[in-house]
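The values are calculated or read from the model by the stated rules, or taken from the named source; none is laboratory data. Bear in mind the structure is a predicted one, so any value in this text is a computation, not a measurement. Please note: Cβ atoms are built from the backbone with ideal geometry, for glycine as well, and neighbour counts cover all protein chains shown.
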Amino acid sequence: MSRSMKSTHPSADRNSQPIAEALVAQVDRATPNLQLLEIASGSGQHAGFLAPFLPNISIQTTENAREMFPSIAAYAADCATGNIRAPLHVDITRDPGQWEVPPQNASYDYIFNSNMMHISPWACSVGLFRAAGLLLKQGGKMFTYGPYAQDGVLQPQSNVDFDRSLRQRNASWGVRDIKDLKVLATEHGLRLEKQVDMPSNNKFLTWLKL
């Protein structure tokens, strides 16, 4: 696969290492044949970076924008551990039973979603938690990464400015509040288990399937 097929994003270049450290510390690295579903894989950079650290975990990439599939496939092809699956088309606002390739319920050990919720309509966040509630095994975890408000407070000023710019671009976008996500989690049988402060005023959240 030609390296020219790979798309790169400066933000992913910056945050891949801290995301990997936060995620690797919270997964089972010994049990073979575990399954991780990445929702909104984008360029495929995160999967490409994560996979070598998790040779016992198969990473199923997904993306709504089909034009990103060649980039995701290029990262998968270059992965030395060979544990990245070809991307599936997923519109996260749809019930998993309506996805192009419907997954089985309780078939995933982990779900990972980075930098989607604030640059997508609220319906995507709703769909993400619905999917996690259906697709995670009991005791499974969903990891989400990005900027978040907490109990109505968004800090620092750079995140306030970022939120304003997002909403100016699209009124349905914006930084989400953890308290609102906790409500979604409860509705779908999850709870917030861990919260890690990350560089660039982001957070890494761990949601446990009960």
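Results, tabulated for the structure shown:
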| quantity | calculated |
| --- | --- |
| Residues of segment 101-124 that turn out to be under 28 Å from residue 166 (Cβ atoms) and not aliphatic (A, V, I, L, M), as a count | 10 |
| Strands (runs of 3 or more DSSP E) enclosed by segment 1-104 - at least 1 residues per element that are of a type in the set (S, T, N, Q) and at pLDDT 95 or above | 34-38, 57-63 |
| Residue 173 being more than 26 Å from residue 108 (Cβ to Cβ) and surrounded by 13 or more Cβ atoms within 10 Å (Cβ to Cβ) | yes |
| Number of positions in segment 181-202 that are within 21 Å of residue 135 (Cα to Cα), surrounded by fewer than 18 Cβ atoms within 10 Å (Cβ to Cβ) and touching a residue at least 40 places away in the same chain (Cβ under 8 Å) | 4 |
| Every pair of residues 6+ apart whose Cβ atoms lie under 7 Å, when the first sits in segment 129-157 and is within 22 Å of residue 199 (Cβ to Cβ) while the second is crowded, with 23+ Cβ neighbours inside 10 Å and of a type in the set (Gly, Ala, Ser) | 142/132; 145/114; 146/114 |
| Residue identified as more than 13 Å from the chain's Cα centre (by Cα) and either surrounded by fewer than 15 Cβ atoms within 10 Å (Cβ to Cβ) or closer than 27 Å to residue 122 by Cα (or both) among 74, 20, 25 | 25 |
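Residue by residue, here is whether (1) under 18 Å from residue 107 (Cα atoms); (2) among the small types (Gly, Ala, Ser) holds:
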position: 7; (1), (2): no, yes
position: 13; (1), (2): no, no
position: 21; (1), (2): no, no
position: 26; (1), (2): no, no
position: 36; (1), (2): yes, no
position: 60; (1), (2): yes, no
